[in-house]
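What follows draws every value from the coordinates through simple rules; no lab data is involved. Bear in mind the structure is a predicted one, so any value in this text is a computation, not a measurement. A quick note on method: Cβ atoms are made from the backbone with ideal geometry, for glycine too, and the neighbour counts reach across all protein chains shown.
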Ligand SMILES: [Zn+2]
Ligand SMILES: [Zn+2]
């Protein structure tokens with residue numbers, strides 16, 4: 001009864017069409033589920049981006065050995081549907097999407113995530129000024145939902161964003177790396193983990209995950225993985 005009342009007062013919104021979800025207990029409309037752009041196999045064995053040549057194992061970037069993280073995965077391709085969905089999540093106050101994204105991440109990527117045997121989820125932090133403006137950190141909400149469902153704790157205080165960076169999407173790969181240099185610092189004291197999973201919303205060039213992984217490895221981690229909601233297209 002209590003759940004019904006909450007449902008009436010705060011109806012769940014669909015992460016695809018943004019309308020109220022009519023089906024009881026569902027997080028997405030039946031019809032909208034068909035529009036979700038799941039990453040299809042084959043996908044890059046390192047970053048999880050879809051591949052367009054059957055015989056390849058890695059995308060061009062991963063084959064070139066550009067990354068310092070160990071492995072990562074995301075359930076969705078970053079297409080127009082997901083661009084709108086994630087934008088509502090981040091800027092439109094649709095925090096309830098976090099539970100949907102977390103469930104999809106676990107449904108599609110749980111085999112890998114289990115093999116990693118990670119000790120903590122670490123959300124990519126926002127700079128405190130940006131966090132204040134937005135009111136929350138979307139990666140932290142996601143990490144909390146993942147923690148609830150797996151028993152692996154979320155440690156949102158491990159990484160801090162100590163440098164204000166420019167918006168990444170207009171920058172080239174080289175500019176992104178330069179922009180992020182020195183962006184993160186690790187909480188003082190001994191690093192309590194060897195294996196961690198970074199949590200972010202979108203993986204495109206990997207610059208953010210790499211920079212966060214770099215500081216964690218330097219602090220004593222030996223494997224850093226990532227889970228995201230979406231990955232960009234591979235090559
Ligand atoms: Zn819908
Ligand atoms: Zn790759």
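Some observations on this one:
- Separation in nanometres of the label points that stand 7 Å from Cα toward Cβ, at residue 95 and residue 162: 2.9 nm
- Between residue 174 and residue 130, the FRET efficiency estimated from the beta carbon spacing at R0 = 25 angstrom works out to 0.60.
- Nearest-0.05 FRET efficiency for residue 222 and residue 17, computed from C-beta distance (R0 45 Å): 0.55
- 222 nm mean residue ellipticity, helices alone, for the chain (DSSP H n ≥ 4; -39,500 (n - 2.57); rounded to 500): -11000 deg cm²/dmol
- Seen against the Cα atoms of the chain and their longest principal axis, helix 97-116 is set at about 40 degrees.
- Computed E for residue 35/residue 68 - FRET, C-beta separation, R0 35 angstrom, nearest 0.05: 0.50
- Most simply put, the stretch 36-231 has about 20% antiparallel DSSP beta bridges, counting only bridges with both residues inside it.
- Length gained on full extension, residue 149 to residue 117, computed as 0.36 nm times the residue gap minus the Cα-Cα distance: 10.0 nm.
- The angle separating the long axis of helix 138-150 from the principal Cα axis of greatest extent in the chain is about 80 degrees.
- Crossing angle, helix 80-91 versus the chain [Cα axis fit, 0-90 degrees, rounded to tens]: 90 degrees
- Approximate shape of the stretch 51-147 as ellipsoid semi-axes (Cα gyration tensor, √5λ), whole Å, largest first: 26, 17, 15
- Computed over every Cα-Cα pair of the stretch 36-231 and binned at 10 Å starting from 0, the pair-distance distribution P(r) comes out as 9, 38, 40, 12, 1 percent.
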